[in-house]
Amino acid sequence: MKKIEAVIRPFKLDEVKEALLEVGIRGMSITEIRGYGRQKGHKETFRGSEYQIEFVPKMKIEVVVDDSIAEKVIVAILRTAKTGQVGDGKIFVSDISDVIRIRTDESGPEAL
């Protein structure tokens, strides 16, 4: 099993969510986050004054999937989250050794 975490632009969330549903993802966790990478924030002007925005708003999507569809999930995220501009985000892929559904005690891929 793989845990796929994607940090994306907030306005891309609905598009990415729909693409994941099409691939067969039945559940996901979404978190509103702030951070910066290479872009180091940006400057905004409000009422004539310039402000440095250090932490840029992003969305983090987390899904745990069977190895057999992990590549499809990654491709779906790449296809829908990409704008071609600096700040599009990142995808992190980790191995998951086990998952347990608390309600039924099921474990492994059946618990997904």
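The values are calculated or read from the model by the stated rules, or taken from the named source; none is laboratory data. Treat the numbers as computed from the prediction; the structure is a model and nothing was measured. Ideal geometry is used to build each Cβ from the backbone, glycine not excepted, and the neighbour counts take in all protein chains shown.
Restricting the range 43-69 to residues that are among the β-branched types (Val, Ile, Thr) and touching a helix residue (DSSP H, G or I) at 6+ places or on another chain (Cβ under 7 Å), which is surrounded by the fewest Cβ atoms within 10 Å (Cβ to Cβ)?
Step by step, filter the range 43-69, then rank; the result is ILE69.
For VAL63, only one of the following conditions fails: (1) at pLDDT 95 or above; (2) over 13 Å from the mean Cα position of the chain (by Cα). What is its number?
VAL63 satisfies all of (1) at pLDDT 95 or above; (2) over 13 Å from the mean Cα position of the chain (by Cα) except (2).
Which of the residues that make up the range 80-97 are in a loop (DSSP other than H, G, I, E, B), touching a residue at least 24 places away in the same chain (Cβ under 8 Å) and not small (Gly, Ala, Ser)?
Result: THR83, VAL86, ASP88, ILE96.
So which of ILE77, ILE25 is free of Cβ contacts under 8 Å to residues at least 60 places away in the same chain and either part of a strand (DSSP E or B) or closer than 30 Å to PRO109 by Cα (or both)?
ILE25
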